[in-house]
1. Could I have the simple spin-label model distance between residue B:6 and residue A:195, label points 7 Å from Cα toward Cβ, reported in nm to one decimal?
2. Partner chain Cβ atoms within 10 Å, averaged over the residues of A:61-69 - can you pull that number for me?
3. In debye to the nearest 20, how big a dipole does chain A give about its Cα centre with +1 on each Lys and Arg Cβ and -1 on each Asp and Glu Cβ?
4. Sticking to Cα atoms, compute the Rg of the stretch A:211-268 to one decimal and its Dmax as the biggest Cα-Cα distance, whole number, in Å.
5. Could you pull out the pairs from A:66/B:39; A:66/B:2; A:384/B:2 whose alpha carbons sit more than 26 Å apart here?
6. On the first, second and third principal axes, largest extent first, how far apart are the outermost C-alpha atoms of the stretch B:2-70 in Å?
7. Considering chain B as a Gaussian network with a 10 Å cut-off on Cα pairs, which listed residue, B:59, B:20, B:38, attains the greatest mean-square fluctuation?
8. Could you check which residue among A:302, A:271, A:19 shows the biggest mean-square fluctuation in a GNM of chain A with a 10 Å Cα cutoff?
Amino acid sequence: MSGVVVVGASLAGLRAADALARSGYSGGVTLIGDEPHQPYNRPPLSKEALLEEQEFDAIRLRSSAKPGAVSLLTGVGAVSADLGRGLLFLSDGRELAFEGLVAATGLRPRALGIPKPSGGVVVLRTYEDLLRLRAELAGVRDVAIIGAGFIGCELAASLTQLGYRVSVIAPEDVPMLRPLGEELGGALMRHHLQAGVGFGLSRLPVAVEGGERPERVVCNDGSSFDAQLVIEAVGSSANVEWLEGNGLDLSDGVLCDERLRFGGDGRFLAAGDVARFPNLAFDSIPRRVEHWEMAVDTGRYAGKALGRLLTSGEESPAFTPMPAFWSDQFELRIQSFGMPGLVTDPGQIRVLEGDLDGEVVVGYHREDTLVGVVLVGFPQNHMKYRTAVSESLAAGVAPA
Amino acid sequence: MKVIVDLNKCNDHGQCVYSAPEVFSLNGRGELSFRDEAKDLYVSDELDESLRDALEEAADICPMQAIEIEG
Ligand SMILES: Cc1cc2nc3c(=O)[nH]c(=O)nc-3n(C[C@H](O)[C@H](O)[C@H](O)COP(=O)(O)OP(=O)(O)OC[C@H]3O[C@@H](n4cnc5c(N)ncnc54)[C@H](O)[C@@H]3O)c2cc1C
Ligand code: SF4
(Lines give C-alpha, C1' and ligand atoms only; values in the text may rest on other atoms or scores of the structure.)
(Ligands and ions follow the chains in the order given, each with its own letter.)
Protein backbone atom coordinates (compact mmCIF):
# COMPACT_ATOMS: atom_id res chain seq x y z
CA MET A 1 0.00 0.00 0.00
CA SER A 2 1.30 3.44 -0.73
CA GLY A 3 0.40 6.16 1.72
CA VAL A 4 1.75 9.66 2.23
CA VAL A 5 5.36 10.38 2.99
CA VAL A 6 6.36 13.59 4.74
CA VAL A 7 10.06 14.30 4.30
CA GLY A 8 11.69 16.39 7.05
CA ALA A 9 10.76 15.59 10.66
CA SER A 10 10.85 19.04 12.16
CA LEU A 11 8.16 21.63 12.82
CA ALA A 12 6.53 21.83 9.38
CA GLY A 13 6.76 18.10 8.71
CA LEU A 14 5.32 17.18 12.10
CA ARG A 15 2.39 19.57 11.73
CA ALA A 16 1.71 18.27 8.21
CA ALA A 17 1.79 14.64 9.34
CA ASP A 18 -0.44 15.41 12.34
CA ALA A 19 -2.97 17.29 10.22
CA LEU A 20 -3.05 14.50 7.65
CA ALA A 21 -3.59 11.87 10.32
CA ARG A 22 -6.38 13.94 11.83
CA SER A 23 -8.01 14.59 8.45
CA GLY A 24 -9.46 11.11 8.29
CA TYR A 25 -7.00 9.93 5.65
CA SER A 26 -6.45 6.23 6.26
CA GLY A 27 -3.74 5.34 3.76
CA GLY A 28 -0.90 5.62 6.27
CA VAL A 29 1.40 8.53 7.07
CA THR A 30 5.18 8.17 7.33
CA LEU A 31 7.31 11.04 8.62
CA ILE A 32 10.99 10.70 7.88
CA GLY A 33 13.86 12.87 9.10
CA ASP A 34 17.61 12.63 8.81
CA GLU A 35 18.31 13.97 12.28
CA PRO A 36 18.78 11.35 15.00
CA HIS A 37 16.04 12.95 17.14
CA GLN A 38 12.33 13.21 17.46
CA PRO A 39 11.08 16.56 16.15
CA TYR A 40 12.18 19.50 18.30
CA ASN A 41 11.84 23.24 18.48
CA ARG A 42 14.60 25.45 17.07
CA PRO A 43 13.86 28.98 18.41
CA PRO A 44 15.04 28.11 21.96
CA LEU A 45 18.47 27.11 20.60
CA SER A 46 19.57 30.74 20.48
CA LYS A 47 17.56 31.77 23.58
CA GLU A 48 16.25 29.73 26.56
CA ALA A 49 18.10 26.51 25.71
CA LEU A 50 21.40 28.39 25.60
CA LEU A 51 20.70 30.69 28.55
CA GLU A 52 19.23 28.06 30.82
CA GLU A 53 21.22 25.03 29.61
CA GLN A 54 17.98 23.25 28.75
CA GLU A 55 18.22 19.60 27.76
CA PHE A 56 16.53 17.93 24.80
CA ASP A 57 13.31 17.13 26.63
CA ALA A 58 12.57 20.81 27.15
CA ILE A 59 12.53 21.51 23.41
CA ARG A 60 10.86 18.37 22.10
CA LEU A 61 7.77 19.07 19.96
CA ARG A 62 4.59 17.23 20.84
CA SER A 63 2.54 15.43 18.23
CA SER A 64 -1.18 16.06 18.24
CA ALA A 65 -2.05 12.91 16.31
CA LYS A 66 -3.26 9.74 17.98
CA PRO A 67 -0.39 7.47 19.03
CA GLY A 68 0.50 5.22 16.12
CA ALA A 69 -1.27 7.35 13.50
CA VAL A 70 2.05 8.61 12.14
CA SER A 71 5.07 6.33 11.67
CA LEU A 72 8.21 8.26 12.45
CA LEU A 73 11.54 7.23 10.95
CA THR A 74 14.47 9.20 12.34
CA GLY A 75 18.08 9.08 11.30
CA VAL A 76 17.21 8.31 7.68
CA GLY A 77 17.30 10.82 4.87
CA ALA A 78 15.57 10.96 1.52
CA VAL A 79 18.28 10.66 -1.10
CA SER A 80 16.08 11.09 -4.16
CA ALA A 81 12.51 10.92 -5.31
CA ASP A 82 10.83 9.79 -8.50
CA LEU A 83 7.59 11.75 -8.55
CA GLY A 84 6.35 10.11 -11.73
CA ARG A 85 6.56 6.61 -10.23
CA GLY A 86 5.73 7.69 -6.68
CA LEU A 87 8.94 6.34 -5.15
CA LEU A 88 11.21 7.74 -2.47
CA PHE A 89 14.74 6.41 -2.06
CA LEU A 90 16.17 6.46 1.46
CA SER A 91 19.72 6.67 2.76
CA ASP A 92 19.47 3.20 4.31
CA GLY A 93 18.74 1.68 0.90
CA ARG A 94 15.00 1.31 1.38
CA GLU A 95 12.38 2.46 -1.14
CA LEU A 96 9.03 3.87 -0.08
CA ALA A 97 6.08 4.05 -2.43
CA PHE A 98 3.75 7.03 -1.98
CA GLU A 99 0.54 8.44 -3.37
CA GLY A 100 1.19 11.83 -1.79
CA LEU A 101 4.34 13.66 -0.72
CA VAL A 102 5.05 16.63 1.54
CA ALA A 103 8.48 18.25 1.24
CA ALA A 104 9.45 19.87 4.56
CA THR A 105 13.23 19.61 4.52
CA GLY A 106 13.99 23.14 5.69
CA LEU A 107 17.33 24.86 5.50
CA ARG A 108 20.94 24.37 6.43
CA PRO A 109 23.23 27.21 7.48
CA ARG A 110 25.75 28.62 5.03
CA ALA A 111 29.39 28.86 5.91
CA LEU A 112 31.69 31.59 4.62
CA GLY A 113 34.42 30.57 2.19
CA ILE A 114 37.16 32.41 4.08
CA PRO A 115 40.31 30.93 5.65
CA LYS A 116 39.56 29.65 9.17
CA PRO A 117 40.91 27.20 11.75
CA SER A 118 39.47 23.72 11.90
CA GLY A 119 38.15 24.19 15.45
CA GLY A 120 36.24 26.95 17.21
CA VAL A 121 34.09 28.06 14.26
CA VAL A 122 30.45 26.96 14.54
CA VAL A 123 26.94 27.47 13.15
CA LEU A 124 23.58 27.07 14.92
CA ARG A 125 20.64 25.21 13.40
CA THR A 126 20.40 21.85 15.16
CA TYR A 127 20.47 20.48 18.68
CA GLU A 128 23.92 18.98 17.91
CA ASP A 129 25.06 22.48 16.92
CA LEU A 130 23.91 23.73 20.33
CA LEU A 131 25.83 20.98 22.13
CA ARG A 132 28.93 21.82 20.10
CA LEU A 133 28.51 25.53 20.81
CA ARG A 134 28.21 24.87 24.55
CA ALA A 135 31.31 22.67 24.51
CA GLU A 136 33.29 25.18 22.45
CA LEU A 137 32.43 28.02 24.86
CA ALA A 138 34.60 26.48 27.58
CA GLY A 139 37.52 28.77 28.36
CA VAL A 140 36.37 31.43 25.87
CA ARG A 141 36.21 35.15 26.70
CA ASP A 142 35.57 36.82 23.33
CA VAL A 143 33.04 35.62 20.80
CA ALA A 144 32.69 36.98 17.26
CA ILE A 145 29.35 36.52 15.54
CA ILE A 146 29.43 36.92 11.79
CA GLY A 147 26.05 38.09 10.54
CA ALA A 148 23.64 40.63 12.02
CA GLY A 149 20.32 39.00 11.24
CA PHE A 150 17.87 37.78 13.88
CA ILE A 151 19.81 34.66 14.85
CA GLY A 152 23.10 36.60 15.06
CA CYS A 153 21.48 39.28 17.23
CA GLU A 154 19.72 36.76 19.48
CA LEU A 155 23.00 34.95 20.02
CA ALA A 156 24.74 38.25 20.74
CA ALA A 157 22.15 39.02 23.42
CA SER A 158 22.20 35.55 25.00
CA LEU A 159 26.00 35.27 25.06
CA THR A 160 26.38 38.80 26.46
CA GLN A 161 23.93 37.85 29.21
CA LEU A 162 26.08 34.80 29.91
CA GLY A 163 29.08 37.08 30.42
CA TYR A 164 30.97 36.72 27.13
CA ARG A 165 32.42 39.70 25.25
CA VAL A 166 30.60 39.65 21.95
CA SER A 167 31.31 41.40 18.63
CA VAL A 168 28.82 41.26 15.77
CA ILE A 169 30.46 41.64 12.36
CA ALA A 170 28.43 42.24 9.19
CA PRO A 171 28.41 44.21 5.92
CA GLU A 172 25.21 46.18 6.67
CA ASP A 173 25.39 49.42 8.63
CA VAL A 174 22.69 48.44 11.13
CA PRO A 175 21.64 45.00 12.38
CA MET A 176 18.44 43.37 11.07
CA LEU A 177 18.42 45.93 8.26
CA ARG A 178 16.58 43.91 5.64
CA PRO A 179 13.60 42.82 7.74
CA LEU A 180 13.26 45.96 9.89
CA GLY A 181 14.78 48.92 8.03
CA GLU A 182 17.42 51.46 9.00
CA GLU A 183 15.65 53.29 11.81
CA LEU A 184 14.34 50.40 13.88
CA GLY A 185 17.53 48.38 13.21
CA GLY A 186 19.48 51.38 14.49
CA ALA A 187 17.32 51.71 17.61
CA LEU A 188 17.78 48.02 18.43
CA MET A 189 21.51 48.42 17.85
CA ARG A 190 21.63 51.21 20.46
CA HIS A 191 19.94 48.85 22.87
CA HIS A 192 22.51 46.13 22.19
CA LEU A 193 25.37 48.63 22.54
CA GLN A 194 24.09 49.78 25.93
CA ALA A 195 23.92 46.17 27.05
CA GLY A 196 27.56 45.70 26.10
CA VAL A 197 27.46 44.12 22.62
CA GLY A 198 30.24 45.31 20.30
CA PHE A 199 29.56 45.89 16.60
CA GLY A 200 31.86 45.83 13.58
CA LEU A 201 29.44 46.85 10.85
CA SER A 202 29.89 48.06 7.25
CA ARG A 203 32.72 45.59 6.73
CA LEU A 204 33.32 42.05 5.61
CA PRO A 205 35.35 39.45 7.43
CA VAL A 206 38.17 38.15 5.23
CA ALA A 207 39.82 35.62 7.55
CA VAL A 208 39.59 33.98 10.92
CA GLU A 209 43.20 33.94 12.13
CA GLY A 210 44.72 31.64 14.73
CA GLY A 211 46.27 28.22 15.09
CA GLU A 212 43.98 25.30 15.75
CA ARG A 213 41.50 27.67 17.31
CA PRO A 214 40.55 31.23 16.39
CA GLU A 215 42.36 34.22 17.86
CA ARG A 216 40.81 37.03 15.85
CA VAL A 217 38.55 37.88 12.91
CA VAL A 218 40.19 40.16 10.35
CA CYS A 219 38.05 42.40 8.12
CA ASN A 220 38.45 43.99 4.70
CA ASP A 221 38.94 47.47 6.19
CA GLY A 222 41.95 46.27 8.18
CA SER A 223 40.09 46.11 11.49
CA SER A 224 40.23 42.98 13.62
CA PHE A 225 38.22 41.53 16.51
CA ASP A 226 39.54 39.23 19.23
CA ALA A 227 37.65 35.94 19.33
CA GLN A 228 38.40 32.51 20.67
CA LEU A 229 35.08 31.34 19.24
CA VAL A 230 33.42 32.39 15.99
CA ILE A 231 29.77 31.79 15.14
CA GLU A 232 28.71 32.07 11.52
CA ALA A 233 25.12 33.29 11.22
CA VAL A 234 25.18 34.34 7.59
CA GLY A 235 22.00 32.82 6.21
CA SER A 236 21.09 29.45 4.86
CA SER A 237 20.35 27.37 1.80
CA ALA A 238 17.38 25.13 1.18
CA ASN A 239 17.60 21.32 1.41
CA VAL A 240 16.22 20.44 -2.02
CA GLU A 241 18.83 18.17 -3.59
CA TRP A 242 16.73 15.07 -2.96
CA LEU A 243 14.05 16.43 -5.34
CA GLU A 244 16.41 16.98 -8.27
CA GLY A 245 15.73 15.17 -11.53
CA ASN A 246 11.99 15.78 -11.48
CA GLY A 247 11.98 18.94 -13.61
CA LEU A 248 11.13 21.19 -10.65
CA ASP A 249 12.23 24.79 -10.03
CA LEU A 250 14.50 24.34 -7.00
CA SER A 251 16.46 27.58 -7.42
CA ASP A 252 15.53 28.89 -3.95
CA GLY A 253 13.57 26.23 -2.12
CA VAL A 254 10.74 24.34 -3.79
CA LEU A 255 8.69 26.58 -6.07
CA CYS A 256 4.99 26.15 -5.25
CA ASP A 257 1.71 27.63 -6.38
CA GLU A 258 -0.72 29.46 -4.08
CA ARG A 259 -1.94 26.09 -2.79
CA LEU A 260 1.60 24.99 -1.85
CA ARG A 261 1.56 22.41 -4.66
CA PHE A 262 4.69 21.78 -6.67
CA GLY A 263 5.25 20.19 -10.05
CA GLY A 264 1.69 21.21 -10.95
CA ASP A 265 0.27 18.24 -9.05
CA GLY A 266 -2.04 18.43 -6.01
CA ARG A 267 -0.47 15.29 -4.53
CA PHE A 268 2.86 17.02 -3.97
CA LEU A 269 3.07 19.88 -1.47
CA ALA A 270 5.82 21.73 0.31
CA ALA A 271 5.75 23.30 3.77
CA GLY A 272 7.94 25.33 6.10
CA ASP A 273 11.17 27.16 5.37
CA VAL A 274 11.75 25.21 2.14
CA ALA A 275 8.45 26.23 0.47
CA ARG A 276 8.55 29.18 -1.94
CA PHE A 277 4.98 30.21 -2.57
CA PRO A 278 2.93 33.30 -3.43
CA ASN A 279 0.74 34.67 -0.65
CA LEU A 280 -2.08 36.28 -2.61
CA ALA A 281 -3.01 38.45 0.37
CA PHE A 282 0.13 40.43 -0.57
CA ASP A 283 0.92 39.80 -4.24
CA SER A 284 1.69 36.97 -6.62
CA ILE A 285 5.47 36.78 -6.08
CA PRO A 286 6.59 33.44 -4.63
CA ARG A 287 8.76 33.79 -1.53
CA ARG A 288 10.21 31.60 1.15
CA VAL A 289 9.24 32.66 4.67
CA GLU A 290 11.58 31.60 7.47
CA HIS A 291 9.15 32.02 10.36
CA TRP A 292 8.28 29.48 13.00
CA GLU A 293 4.57 30.18 12.73
CA MET A 294 4.65 29.91 8.95
CA ALA A 295 6.11 26.42 9.35
CA VAL A 296 3.08 25.52 11.50
CA ASP A 297 0.57 27.17 9.15
CA THR A 298 2.02 25.73 5.94
CA GLY A 299 2.40 22.30 7.57
CA ARG A 300 -1.19 22.23 8.75
CA TYR A 301 -2.47 23.50 5.43
CA ALA A 302 -0.44 20.94 3.45
CA GLY A 303 -1.60 18.05 5.64
CA LYS A 304 -5.25 19.09 5.50
CA ALA A 305 -5.22 19.82 1.77
CA LEU A 306 -3.57 16.51 0.92
CA GLY A 307 -5.92 14.61 3.22
CA ARG A 308 -8.93 16.23 1.57
CA LEU A 309 -7.65 15.58 -1.94
CA LEU A 310 -6.84 11.93 -1.29
CA THR A 311 -10.05 11.15 0.55
CA SER A 312 -12.59 13.17 -1.43
CA GLY A 313 -10.81 14.42 -4.55
CA GLU A 314 -11.51 18.03 -3.54
CA GLU A 315 -9.05 20.90 -3.92
CA SER A 316 -8.52 23.40 -1.10
CA PRO A 317 -8.79 27.18 -1.29
CA ALA A 318 -5.61 29.22 -1.80
CA PHE A 319 -3.39 29.60 1.25
CA THR A 320 -3.26 33.25 2.36
CA PRO A 321 -1.88 33.33 5.91
CA MET A 322 -0.92 36.33 8.02
CA PRO A 323 2.84 35.96 8.57
CA ALA A 324 3.96 36.44 12.17
CA PHE A 325 7.45 36.42 13.61
CA TRP A 326 8.93 37.06 17.02
CA SER A 327 12.42 37.47 18.37
CA ASP A 328 13.65 37.83 21.96
CA GLN A 329 16.78 39.91 22.53
CA PHE A 330 17.69 40.88 26.08
CA GLU A 331 14.40 41.84 27.71
CA LEU A 332 12.92 42.97 24.39
CA ARG A 333 10.18 41.08 22.61
CA ILE A 334 10.15 42.00 18.93
CA GLN A 335 6.94 40.92 17.20
CA SER A 336 6.13 41.37 13.53
CA PHE A 337 2.95 40.79 11.57
CA GLY A 338 2.64 40.86 7.79
CA MET A 339 5.69 41.35 5.58
CA PRO A 340 7.63 44.41 6.75
CA GLY A 341 10.64 43.22 4.71
CA LEU A 342 8.74 44.03 1.49
CA VAL A 343 9.22 47.74 2.16
CA THR A 344 12.69 49.14 1.51
CA ASP A 345 11.86 52.83 0.94
CA PRO A 346 12.59 54.54 4.31
CA GLY A 347 9.85 57.09 3.53
CA GLN A 348 7.28 54.29 3.72
CA ILE A 349 8.36 53.14 7.17
CA ARG A 350 6.77 55.20 9.95
CA VAL A 351 6.46 55.11 13.72
CA LEU A 352 2.77 54.49 14.50
CA GLU A 353 2.98 54.62 18.28
CA GLY A 354 5.59 55.09 21.01
CA ASP A 355 9.15 56.07 20.22
CA LEU A 356 12.16 54.31 18.77
CA ASP A 357 14.20 54.30 21.94
CA GLY A 358 11.50 52.69 24.04
CA GLU A 359 8.39 50.70 23.27
CA VAL A 360 7.49 51.30 19.66
CA VAL A 361 5.18 50.23 16.85
CA VAL A 362 6.54 50.73 13.33
CA GLY A 363 4.35 50.50 10.22
CA TYR A 364 5.59 49.46 6.78
CA HIS A 365 3.56 50.78 3.86
CA ARG A 366 3.30 49.98 0.19
CA GLU A 367 1.54 52.93 -1.33
CA ASP A 368 -1.44 53.28 1.01
CA THR A 369 -1.48 49.71 2.20
CA LEU A 370 -0.06 48.74 5.59
CA VAL A 371 1.76 45.54 4.63
CA GLY A 372 3.58 44.97 7.90
CA VAL A 373 4.03 46.15 11.48
CA VAL A 374 6.79 45.53 13.97
CA LEU A 375 6.19 46.01 17.68
CA VAL A 376 8.91 46.28 20.25
CA GLY A 377 7.07 45.89 23.53
CA PHE A 378 3.38 46.97 23.61
CA PRO A 379 2.16 43.37 24.11
CA GLN A 380 -1.38 44.61 24.74
CA ASN A 381 -1.45 46.06 21.20
CA HIS A 382 -0.53 42.97 19.17
CA MET A 383 -4.11 42.15 18.26
CA LYS A 384 -4.95 45.70 17.24
CA TYR A 385 -2.03 46.04 14.80
CA ARG A 386 -2.34 42.53 13.41
CA THR A 387 -5.95 43.36 12.59
CA ALA A 388 -4.89 46.69 11.10
CA VAL A 389 -2.56 44.89 8.67
CA SER A 390 -5.13 42.32 7.60
CA GLU A 391 -7.83 44.97 7.12
CA SER A 392 -5.52 47.19 5.13
CA LEU A 393 -4.46 44.28 2.92
CA ALA A 394 -8.05 43.22 2.35
CA ALA A 395 -8.97 46.76 1.34
CA GLY A 396 -5.89 47.51 -0.72
CA VAL A 397 -4.82 44.47 -2.67
CA ALA A 398 -6.38 43.63 -5.97
CA PRO A 399 -6.40 39.86 -6.38
CA ALA A 400 -3.48 38.78 -8.57
CA MET B 1 -12.62 18.08 26.64
CA LYS B 2 -10.53 20.45 28.72
CA VAL B 3 -7.66 22.72 27.88
CA ILE B 4 -4.66 22.97 30.17
CA VAL B 5 -2.13 25.78 29.96
CA ASP B 6 1.22 25.58 31.70
CA LEU B 7 1.58 29.20 32.77
CA ASN B 8 5.24 28.73 33.63
CA LYS B 9 5.96 27.76 30.04
CA CYS B 10 3.61 30.36 28.52
CA ASN B 11 5.45 33.45 27.37
CA ASP B 12 2.31 35.52 26.61
CA HIS B 13 2.88 35.23 22.88
CA GLY B 14 -0.84 35.49 22.34
CA GLN B 15 -0.84 33.30 19.23
CA CYS B 16 -3.50 31.09 20.81
CA VAL B 17 -5.85 34.07 20.81
CA TYR B 18 -5.99 34.18 17.00
CA SER B 19 -6.66 30.46 16.74
CA ALA B 20 -9.27 30.10 19.48
CA PRO B 21 -10.58 33.53 20.51
CA GLU B 22 -13.57 31.81 22.17
CA VAL B 23 -11.22 30.40 24.79
CA PHE B 24 -8.06 32.48 24.92
CA SER B 25 -7.69 36.22 25.45
CA LEU B 26 -5.12 38.69 26.65
CA ASN B 27 -5.71 40.99 29.61
CA GLY B 28 -5.03 44.73 29.64
CA ARG B 29 -1.36 44.16 30.39
CA GLY B 30 -0.95 41.97 27.32
CA GLU B 31 -0.75 38.77 29.38
CA LEU B 32 -2.77 35.63 28.84
CA SER B 33 -5.90 36.36 30.86
CA PHE B 34 -5.78 32.95 32.58
CA ARG B 35 -3.01 34.49 34.65
CA ASP B 36 -5.69 36.43 36.49
CA GLU B 37 -7.25 33.16 37.67
CA ALA B 38 -4.39 30.70 38.07
CA LYS B 39 -0.71 30.75 38.93
CA ASP B 40 1.14 27.72 37.57
CA LEU B 41 -1.43 25.65 35.75
CA TYR B 42 -4.71 26.76 34.24
CA VAL B 43 -7.30 24.02 33.77
CA SER B 44 -10.46 24.99 31.94
CA ASP B 45 -14.00 23.86 32.61
CA GLU B 46 -15.42 21.20 30.30
CA LEU B 47 -15.42 22.73 26.79
CA ASP B 48 -17.72 22.10 23.88
CA GLU B 49 -16.55 19.54 21.30
CA SER B 50 -17.17 22.09 18.51
CA LEU B 51 -14.11 23.95 19.76
CA ARG B 52 -11.73 21.03 19.22
CA ASP B 53 -10.38 22.14 15.85
CA ALA B 54 -9.68 25.64 17.07
CA LEU B 55 -8.06 24.36 20.25
CA GLU B 56 -5.86 21.92 18.35
CA GLU B 57 -4.77 24.79 16.16
CA ALA B 58 -3.98 26.85 19.26
CA ALA B 59 -1.95 24.00 20.76
CA ASP B 60 -0.02 23.60 17.50
CA ILE B 61 0.72 27.30 17.12
CA CYS B 62 1.82 27.97 20.71
CA PRO B 63 5.55 28.70 20.40
CA MET B 64 6.18 27.59 23.97
CA GLN B 65 4.21 24.32 23.65
CA ALA B 66 2.29 25.39 26.73
CA ILE B 67 -1.17 24.23 25.70
CA GLU B 68 -2.49 20.70 26.15
CA ILE B 69 -5.88 19.28 25.29
CA GLU B 70 -7.24 16.63 27.60
CA GLY B 71 -10.00 14.29 26.59
C1 LIG C 1 18.60 29.25 16.21
C2 LIG C 1 17.27 29.55 15.59
C3 LIG C 1 16.39 30.45 16.19
C4 LIG C 1 15.15 30.75 15.62
N5 LIG C 1 14.32 31.64 16.25
C6 LIG C 1 13.13 31.95 15.69
C7 LIG C 1 12.24 32.88 16.33
O8 LIG C 1 12.55 33.43 17.40
N9 LIG C 1 11.06 33.16 15.74
C10 LIG C 1 10.69 32.57 14.56
O11 LIG C 1 9.59 32.89 14.05
N12 LIG C 1 11.49 31.69 13.93
C13 LIG C 1 12.70 31.36 14.48
N14 LIG C 1 13.53 30.44 13.84
C15 LIG C 1 13.08 29.84 12.57
C16 LIG C 1 12.26 28.57 12.77
O17 LIG C 1 12.88 27.72 13.68
C18 LIG C 1 12.10 27.89 11.41
O19 LIG C 1 11.27 28.71 10.65
C20 LIG C 1 11.51 26.48 11.52
O21 LIG C 1 12.38 25.63 12.20
C22 LIG C 1 11.22 25.92 10.15
O23 LIG C 1 10.78 24.61 10.27
P24 LIG C 1 10.86 23.59 9.06
O25 LIG C 1 10.24 22.34 9.58
O26 LIG C 1 10.36 24.20 7.83
O27 LIG C 1 12.43 23.37 8.77
P28 LIG C 1 13.58 22.80 9.68
O29 LIG C 1 13.30 23.09 11.10
O30 LIG C 1 14.85 23.26 9.06
O31 LIG C 1 13.48 21.21 9.50
C32 LIG C 1 13.79 20.51 8.34
C33 LIG C 1 14.14 19.10 8.75
O34 LIG C 1 14.32 18.29 7.60
C35 LIG C 1 15.49 17.50 7.73
N36 LIG C 1 15.97 17.13 6.40
C37 LIG C 1 16.63 17.90 5.51
N38 LIG C 1 16.90 17.21 4.38
C39 LIG C 1 16.38 15.97 4.56
C40 LIG C 1 16.32 14.81 3.73
N41 LIG C 1 16.83 14.78 2.50
N42 LIG C 1 15.71 13.71 4.23
C43 LIG C 1 15.16 13.72 5.49
N44 LIG C 1 15.19 14.79 6.30
C45 LIG C 1 15.78 15.91 5.84
C46 LIG C 1 16.42 18.41 8.50
O47 LIG C 1 17.47 17.71 9.09
C48 LIG C 1 15.45 19.01 9.52
O49 LIG C 1 15.30 18.17 10.62
C50 LIG C 1 14.77 30.13 14.40
C51 LIG C 1 15.66 29.23 13.78
C52 LIG C 1 16.89 28.92 14.35
C53 LIG C 1 17.82 27.95 13.67
S1 SF4 D 1 0.32 30.94 22.44
FE2 SF4 D 1 1.24 29.82 24.12
S3 SF4 D 1 2.78 31.18 24.93
FE4 SF4 D 1 1.39 32.38 23.73
S5 SF4 D 1 -0.11 33.19 25.15
FE6 SF4 D 1 -0.93 31.34 24.25
S7 SF4 D 1 -0.32 29.76 25.67
FE8 SF4 D 1 0.95 31.51 26.14
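1. 2.5 nm
2. Working: counts 2, 5, 1, 7, 0, 0, 0, 0, 0.
Averaged over the peptide's residues, the number is 2.
3. Here the size comes out at about 740 debye.
4. 20.3, 54
5. Working: A:66/B:39 30 Å; A:66/B:2 17 Å; A:384/B:2 28 Å.
Going by Cα-Cα distance, A:66/B:39; A:384/B:2 fall outside the 26 Å limit.
6. Principal-axis extents of the stretch B:2-70 (Cα, largest first): 29, 20, 20 Å.
7. With Cα springs under 10 Å in chain B, the top fluctuation among B:59, B:20, B:38 is at B:38.
8. Taking springs between Cα atoms under 10 Å, the residue moving most is A:19.
The values are calculated or read from the model by the stated rules, or taken from the named source; none is laboratory data. Computed from a predicted model, the values in this text were never measured in an experiment. Here Cβ is always computed from backbone atoms with ideal geometry, including for glycine, and neighbour counts include all displayed protein chains. For the accessible areas, the whole protein counts, side chains as well, though only heavy atoms, and no ligand, DNA or RNA atoms are used. Shrake-Rupley method; radii C 1.70, N 1.55, O 1.52, S 1.80 Å.
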